[in-house]
Amino acid sequence: MDTTEIYKQLGVSPSVLAFGEEIRSGLHDRFTAFDKVAEHNQMKVLLAMQKNRVSEECFQSSTGYGYNDHGRETLEKVYADTFHTEACLVRPQIACGTHALAIALFGNLRPGDEILSPVGKPYDTLEEVIGIRPSRGSLKEYGVTYRQAELLPDGSFDYPAIREAITEKTKLIEIQRSRGYLTRPSFTVERIGELIAFIKSVKKDVICMVDNCYGEFVEEYEPSDVGADMIVGSLIKNPGGGLAPIGGYIAGTRECIENAAARMTCPGLGAEVGASLGVNRSFYQGFFLAPMITKGALKGAVFAAKALSRLGFPVTPDAAEPRTDIIQAVTLKSPECLSAFCRGIQHAAPVDSYVDPEPWDMPGYDSQVIMAAGAFIQGSSIELSADGPLREPYNVYFQGGLTFEHAYFGILKALTLMEHEGHIRL
Ligand SMILES: *Cc1c(COP(=O)(O)O)cnc(C)c1O
């Protein structure tokens, strides 16, 4: 049986397959550039692992308090060295990306302090953490206030407005690298560096924190290389390499990380406790693979951008733009088309390929969301996944694929359903 026959048995239409091959063949140079970045990052991770003498012993587990967990402590040094920070927390006790961000914020803010987002609205789930939408236990309830400066219509930073918004109360700046559920651009590490330099020129001692979700290993540098005091992310996205079953990280200055640790566990105990419960090996191996896994996801994203824009759907970023995260936003224009796309991604999955995704009220989000994910790790979005809020203009956010080949197949499957239901003509 040849490959074409397998695609046929997997339910990809011949016209979609031909279209896909044509699009893919035009992406050779782009893919080579991703290979280069991945090579750089692979060596960076290896250097950190060798320097910290990662050994078989590091894969041992701890239970109970988790005192003197050598594997956990070494892994945190590996992360810190890879991201060029003084310290890092990498823990299975961090439930998800939002939790990691909340720990970083609560740990570093005190009553009377103010947070500024200089890049418009933050990620949906942070609205309740900060108290932008009223919520039990939010920072707002603890007397921490919030401000934001909007981006200019072309997506650039509004420097005068940012200067204006920085007051004597401003303690922490929250910069979200990736677009999240918005169509604003994601910010390259270089642009984040310019923004941080500006902010520090206005107020030197302000903490610059970057929500780095989906950005790790997409470029050769991370925001911590250009002045960020803290970078924060989820291990069921890029840095977990598809193997971490849970977890988050916070990397940054020793001061910021100690503050965060006091909140992650409690004052006095900080980073000293927290059993690793058998996840050390998958954290190490996932981090080792992460540059390569991220590369596959990037190739999938660019392929999706090129294929869908050719078919008349607005995409952001477009297939030629520089990348700083693995998210591909596509405007599908109708709820039916959004549904067909997500069903296609679901039907391409290695797990739960036989189910149809339905919209639901997801905790932390203010409209219904439809999600496709047939993942080995529940909700893992470094695995092939797509999700879209049920609101105009029916954007889908597509990300992941532990291999490019899987992401490629997912898009072909989505296009086949879209063709079948009359949303596209090939
Ligand atoms: C995924 C993500 C988060 C955190 O989300 P969780 O689902 O809690 O892991 C925060 N910010 C951005 C930009 C994200 O993409």
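The values are calculated or read from the model by the stated rules, or taken from the named source; none is laboratory data. Because the structure is a prediction, the values reported are computed rather than measured. We place every Cβ from the backbone using ideal geometry, glycine too, and count neighbours over all the protein chains shown. Heads up: the accessible areas ignore ligands, DNA and RNA and are worked out on the full protein's heavy atoms, side chains in. Shrake-Rupley method; radii C 1.70, N 1.55, O 1.52, S 1.80 Å.
For the stretch 324-339, in order, what is each residue's ³J(HN,Hα) by Karplus, 6.51 cos²θ - 1.76 cosθ + 1.60 with θ = phi - 60°, in whole Hz (x at glycine and Pro)?
10, 8, 9, 7, 10, 9, 9, 8, 9, 6, 9, x, 5, 6, 4, 5
Under a plain spin-label model, where a point goes 7 Å from the Cα along Cα-to-Cβ, how far apart in nm are Asn68 and Glu405?
Each label point lies 7 Å from its Cα, and together they span 4.6 nm.
If I model a spin label at Tyr142 and Ser25 as a point 7 Å from the Cα along the Cα→Cβ vector, what separation in nanometres do I get?
Roughly 5.8 nm, to one decimal.
Along the Cα-to-C-beta direction of Gln60, a point sits 7 Å from the Cα; which residues of the stretch 256-289 have their amide N less than 14 Å from that point?
The answer is 276-278, 280-281.
Along the charge dipole of the stretch 60-277, which of Ala251, Gly227, Phe106 sits closest to the positive end, that is, farthest toward it, with unit charges on the beta carbon of Lys, Arg, Asp and Glu (+1, +1, -1, -1)?
It is Phe106, whose Cα lies furthest towards the positive end.
May I ask for the percentage of alpha-carbon pairs in the stretch 60-277 that lie more than 32 Å from each other? Mind showing how you got there, number by number?
Numbers: 3211 of 23653 pairs.
Value for the stretch 60-277: 14 percent of Cα pairs lie more than 32 Å apart.
Could you pull the accessible area for Cys88 with a 1.4 Å probe, rounded to 10 Å²?
10 Å²
From the alpha carbon gyration tensor of the stretch 124-177, can you work out the equivalent ellipsoid semi-axes (sqrt of 5 times each eigenvalue) and give them in Å, largest to smallest? Can you show the working numbers first?
On the way: eigenvalues 104, 42, 13 Å².
Working through the eigenvalues yields semi-axes of 23, 15, 8 Å.
Can you give me the solvent accessible area of Glu128 with a 1.4 Å probe, rounded to the nearest 10 Å²?
For Glu128, solvent-accessible area is about 60 Å².
Give the percent of DSSP beta bridges with both residues in the chain that are antiparallel, rounded to the nearest 5. Present the calculation step by step, with values, prior to reporting the outcome.
Working: 25 of 41 bridges.
Looking only at bridges with both residues in the chain, the antiparallel portion is about 60 percent.
Could you work out the relative contact order of the chain? I mean the mean sequence separation of Cα pairs under 8 Å and 6+ apart, divided by the number of residues, in percent. Working shown, then result.
On the way: 906 pairs, mean separation 77.0, N = 426.
RCO, the chain: 18 percent.
Could you work out how far the C-alpha centroid of the stretch 364-410 sits from that of the stretch 171-224, in angstrom?
24 Å
Stretched out fully, how many nm does the piece from Thr4 to Glu86 gain, at 0.36 nm a residue minus the Cα gap? Kindly include the intermediate steps, with their values, before the conclusion.
On the way: separation 82, 0.36 × 82 = 29.52 nm, distance 5.08 nm.
Contour length minus the Cα-Cα distance gives 24.4 nm.
Taking a probe of 1.4 Å, how large is the accessible area per residue of the chain, in Å²? Don't jump to the answer; show the numbers that get you there.
Numbers: 17530 Å² over 426 residues.
Ligands and nucleic acids excluded, the result is 41 Å² per residue.
Kindly provide the trypsin sites (Lys or Arg not before Pro) of the stretch 7-49 that DSSP labels as loop, not H, G, I, E or B, and whose Cβ sees at most 14 other Cβ atoms within 10 Å. Don't skip to the end; give the middle numbers.
Numbers: sites: Lys8, Arg24, Arg30, Lys36, Lys44; in loops: none.
Passing both the DSSP loop test and the Cβ count: no residue.
Using alpha-carbon positions, what is the distance between the centroids of the stretch 120-139 and the stretch 225-294, in Å?
Distance between centres, Cα-based: 22 Å.
What span do the alpha-carbon atoms of the stretch 354-426 cover on each of the three principal axes, reported in whole Å from largest to smallest?
Its Cα atoms span 37, 28, 21 Å along the three principal axes.
Out of every Cα pair in the stretch 211-370, what percent are spaced more than 27 Å from each other? Could the numbers behind the result be given before it?
Details: 4961 of 12720 pairs.
Value for the stretch 211-370 (Cα pairs over 27 Å): 39 percent.
If N is the number of residues in the stretch 72-111, what value comes out of its Cα radius of gyration divided by 2.2 N^0.38 Å?
Numbers: Rg = 11.4 Å, N = 40, 2.2 N^0.38 = 8.9 Å.
Dividing the Cα Rg of the stretch 72-111 by 2.2 N^0.38 Å gives 1.28.
Between Thr125, Thr98, Thr294, where does the largest GNM mean-square fluctuation fall for the chain, given springs only between Cα atoms within less than 10 Å?
Checking each option, the largest mean-square fluctuation is seen for Thr125.
Taking each pair of different alpha-carbon atoms in the chain once, compute 1/r for the pair, average those values, and report the inverse of that mean as the Kirkwood hydrodynamic radius in Å to one decimal. Could you put the intermediate results ahead of the total?
Numbers: mean 1/r = 0.0454 Å⁻¹.
For the chain, inverting the mean 1/r across all distinct Cα pairs yields 22.0 Å.
Find how many whole Å separate the alpha carbon centroid of the stretch 1-73 from the alpha carbon centroid of the stretch 295-341.
20 Å
Please give me, ordered by residue number, the trypsin sites (Lys or Arg not before Pro) of the stretch 117-196 that lie in loop per DSSP and have at most 14 other Cβ atoms within 10 Å. Spell out each step's value before the answer.
On the way: sites: Arg136, Lys140, Arg147, Arg163, Lys169, Lys171, Arg177, Arg179, Arg191; in loops: Arg136, Lys169, Arg177, Arg179.
Hits after loop and neighbour filter: Arg136, Lys169.
Mean residue ellipticity at 222 nm from the helices of the chain, using -39,500 (n - 2.57) per DSSP H segment of n ≥ 4 over the full residue count, to the nearest 500 deg cm²/dmol? Write out the running numbers ahead of the final one.
Details: 12 runs with 169 residues, N = 426.
Helix contribution divided over all residues of the chain: -13000 deg cm²/dmol.
Which residue, Asp81, Asp225, Asp211, tops the fluctuation ranking in a GNM of the chain built on C-alpha contacts under 10 Å?
Top of the fluctuation ranking is Asp225.
Can you pull out the chymotrypsin sites (Phe, Trp or Tyr not before Pro) in the stretch 4-95 that DSSP calls coil and that have at most 10 other Cβ atoms within 10 Å?
Values: sites: Tyr7, Phe19, Phe31, Phe34, Phe59, Tyr65, Tyr67, Tyr79, Phe83; in loops: Tyr65, Tyr67.
Those satisfying the criteria are Tyr67.
Give me the percent of the accessible area of the stretch 60-277 that comes from carbon and sulfur atoms, probe 1.4 Å, all protein chains in place. Before the final figure, lay out the partial values.
Working: 4480 of 8360 Å².
With neighbouring chains kept in place, the figure for the stretch 60-277 is 54 percent.
With every protein chain in place, what's the accessible area of Lys121 (1.4 Å probe, Å², nearest 10)?
Roughly 70 Å² of Lys121 is accessible to a 1.4 Å probe.
If I compute solvent accessible area with a 1.4 Å probe over the protein chains, what percent of it on the stretch 330-411 is carbon and sulfur?
Values: 1670 of 3170 Å².
Carbon and sulfur together cover 53 percent of it.
Can you give me the relative contact order of the stretch 1-159 as a percent, contacts being Cα pairs under 8 Å and 6 or more apart?
On the way: 118 pairs, mean separation 21.3, N = 159.
Across the stretch 1-159, relative contact order equals 13 percent.
Go ahead and collect, in residue order, the members of the stretch 210-240 whose backbone nitrogen is under 17 Å from a label point 7 Å along the Cα-Cβ direction of Lys203.
Those under the cut-off are 210, 228-230.
Mind listing the phi-derived Karplus ³J(HN,Hα) values for the stretch 370-382, rounded to whole Hz, using 6.51, -1.76 and 1.60 with θ = phi - 60°, and x for any glycine or proline?
Each residue's phi maps through the Karplus curve to give 9, 10, 10, 7, x, 10, 6, 10, 3, x, 5, 10, 8 Hz.
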